[in-house]
Amino acid sequence: MKRTKVVIVGGVAAGATAAGKAGRTDPDAHIVVFEKGPYISFANCGLPYYISGEVKNRGNLIARRPEDFKKKYGIDVFVNHEVLKIDRPRKRVLVRDRSENREFEEEYDKLILAMGGNTFLPPIPGIQSPNVFALRSIPDIDSIDNFITAYNPLRAVVLGAGYIGVESADVLRKRGLEVTVVEMASQVLPPLDPDMAQIIEDRMKAEEVRVITGDGVDRIESDSTGLASEVVLRSGNRIPADMIIASLGIRPNLQLAKDAGLQIGKYALWVDESMRTSDPDIFAAGDLVEVKHIVTGAPTWSPLAGPANMQGRVAGANSVGGNVRYKGTLRTSIVMFDRIAGAKTGLSEKEAKEEGYDYSVSKIKTSSHAGYMGNVHPLHLKIIYRKKTGKLLGAQAVGEEGADKRIDVLATAVTAGMTVEDLEQLNLSYAPQFSHALDPINVAASIAGGD
């Protein structure tokens with residue numbers, strides 16, 4: 001019987017996970033992975049913490065190496081290999097070995113696309129200066145760390161105050177730099193509602209990070225050596241900079257799929273619940289694809305590590321004959337600045353309004369555990385729910401302790417279709433060093449139930 005040959009384009013979260021799952025599902029399958037960069041699987045969410053020194057050993061960020069895949073699953077992994085073209089009628093891909101600058105074709109029975117996303121760099125004059133950095137890969141952190149060591153910069157400007165921007169500001173501050181964050185939106189962390197994001201912004205300012213919102217970048221000016229030296233905003237304000245982190249978001253890497261004539265959705269590459277594209281022999285997963293939002297049922301784009309891993313497992317299993325479905329995403333996420341975390345699941349209040357829901361909100365400020373145990377910190381909790389039915393739409397939590405626990409409980413509740421009445425009676429663990437006799441979730445739900 002002919003072995004199924006699966007070719008996977010891309011590694012990191014979705015591609016590496018897809019390879020492993022395909023190998024476990026069908027040990028006889030012939031699996032080949034091509035990764036454009038030098039690393040097949042690394043902890044990209046941990047990258048900023050190498051800059052700050054919290055991750056001491058750079059090697060710990062490398063999750064798996066090509067030889068690990070070969071030894072465990074018999075999978076052939078080729079780094080520094082870029083797939084240039086998909087020939088769908090002939091079921092072949094054109095590959096360039098970037099190390100040896102040669103091209104060759106590889107045939108497939110099934111193809112999995114996992115090229116992820118690209119750092120978004122708008123056409124701002126000066127943004128290609130050598131001391132303007134992205135923060136998405138191990139080569140990125142090497143470049144940043146080497147620059148700081150060699151040049152000893154004093155002032156950093158972070159462009160964008162999304163999750164990566166806020167984390168970048170935090171780690172550069174810990175590295176001893178004076179940091180300014182510029183965000184075009186009217187708040188930091190645009191996925192959060194303004195009232196919750198403000199708590200994080202206040203902490204940033206308290207830690208002497210300068211925060212500028214509602215203003216964009218006009219241009220980046222350079223000094224006589226060619227290094228970026230000043231960020232000029234649209235307002236005319238000028239910010240001196242010895243280095244710049246561009247964290248202006250990412251875009252799905254769609255060119256290969258577009259060139260192959262695959263169906264593109266509203267936000268990214270279209271796939272069904274099996275992670276199959278419009279070509280039945282081609283699957284896709286990760287930051288490249290759009291999927292269903294669990295609350296709205298509408299297409300959404302969720303460039304996050306958790307969903308990418310889950311989608312990779314589905315694509316990998318189904319590429320070798322499995323029958324697994326990806327049920328959708330809540331875009332559950334969490335970020336930390338200093339010691340304070342901001343977390344979100346499901347819809348925010350502004351998203352619920354945009355979607356046209358008749359909703360209400362319950363918001364409380366409490367503490368993560370009993371005050372008499374000491375070492376207490378404020379915990380802000382916000383739940384969004386439908387007025388008539390009480391069905392949960394989403395939630396946010398901000399605090400130094402317990403935000404992660406609450407948002408994970410609430411993500412589970414939203415997935416299960418629970419109501420605020422269900423939450424009010426939810427039996428959660430209690431000891432005074434961990435919570436209150438009535439957990440903040442119970443309390444917020446009880447207030448909501450009084451509507």
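Somewhere in segment 325-338, is a residue in contact with an Asp or Glu (Cβ under 9 Å, 6 or more places away or on another chain), surrounded by 19 or more Cβ atoms within 10 Å (Cβ to Cβ), closer than 20 Å to Ala19 by Cα and at pLDDT 95 or above?
Yes, that holds for at least one residue.
Being buried (at least 17 other Cβ atoms within 10 Å of the Cβ), assigned by TED's automatic domain parsing to the domain that holds Ser274 and in a loop (DSSP other than H, G, I, E, B): is that true of Lys21 here?
Judged against the criteria, Lys21 is not a match.
Scanning segment 1-18 for residues that are modelled with pLDDT of 95 or more and surrounded by fewer than 24 Cβ atoms within 10 Å (Cβ to Cβ), which turns out nearest to the chain's Cα centre (by Cα)?
Looking at residues that are modelled with pLDDT of 95 or more and surrounded by fewer than 24 Cβ atoms within 10 Å (Cβ to Cβ), I get Lys5.
Could you please give the count of residues in segment 24-55 that are buried (at least 19 other Cβ atoms within 10 Å of the Cβ) and on the phi > 0 side of the Ramachandran plot?
So the answer is 0.
So how many residues does segment 136-152 have that are on the phi < 0 side of the Ramachandran plot and part of a loop (DSSP other than H, G, I, E, B)?
2
Within the group Arg92, Arg136, which residue is touching a strand residue (DSSP E or B) at 6+ places or on another chain (Cβ under 7 Å) and either over 30 Å from Val179 (Cβ atoms) or polar (S, T, N, Q) (or both)?
It is Arg92.
Restricting attention to segment 252-274, and to residues there that are within 22 Å of Val93 (Cβ to Cβ) and in contact with a Phe, Trp or Tyr (Cβ under 8 Å, 6 or more places away or on another chain), which single residue is surrounded by the most Cβ atoms within 10 Å (Cβ to Cβ)?
The selected residue is Val271.
So which strands (runs of 3 or more DSSP E) are wholly in segment 29-83 and hold at least 2 residues that are touching a residue at least 60 places away in the same chain (Cβ under 8 Å)?
30-34
Would you tally the residues in segment 343-385 being outside any strand (DSSP E or B), farther than 19 Å from Ser333 by Cβ and basic (Lys, Arg)?
Number satisfying all stated conditions: 1.
Give, as residue ranges, the strands (runs of 3 or more DSSP E) completely inside segment 198-275 that count at least 1 residues that are over 24 Å from the mean Cα position of the chain (by Cα).
Result: 210-213, 217-222, 228-233, 238-240.
Go over the candidates Ser435, Ser360, Ser367, Ser348 one by one and state the one that is among the polar types (S, T, N, Q), over 24 Å from the mean Cα position of the chain (by Cα) and under 27 Å from Thr300 (Cβ atoms).
From the options Ser435, Ser360, Ser367, Ser348, the qualifying one is Ser360.
Could you check, for segment 413-429, whether at least one of its residues is crowded, with 21+ Cβ neighbours inside 10 Å and assigned to a strand (DSSP E or B)?
no
Please work out which one of (1) in contact with a Leu (Cβ under 8 Å, 6 or more places away or on another chain); (2) among the acidic types (Asp, Glu); (3) assigned to a loop (DSSP other than H, G, I, E, B) is the condition Glu100 fails and give its number.
For Glu100, the failing item is (1).
When the residues of segment 295-307 are filtered to those that are closer than 17 Å to Gly265 by Cβ and not hydroxyl-bearing (Ser, Thr, Tyr), which remaining residue is modelled with the lowest pLDDT?
Per the criteria, the residue is Pro303.
Residue-by-condition table, conditions (1) over 29 Å from Ser168 (Cα atoms); (2) assigned by TED's automatic domain parsing to the domain that holds Ala18:
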site	(1), (2)
Pro66	yes, yes
Phe69	yes, yes
Ile75	yes, yes
Val79	no, yes
Val95	yes, yes
Asn101	yes, yes
Phe104	yes, yes
Leu111	yes, yes
Pro125	no, no
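Answer with yes or no whether Glu421 is out of contact with any strand residue (DSSP E or B) (no Cβ under 6 Å at 6 or more places or on another chain) and under 20 Å from Pro190 (Cβ atoms).
Criteria not met by Glu421.
The values are calculated or read from the model by the stated rules, or taken from the named source; none is laboratory data. Bear in mind that the values here come from a model prediction, so they are computed numbers and not experimental data. Positions of Cβ are backbone-derived with ideal geometry, glycine not excepted, and every protein chain shown enters the neighbour counts.
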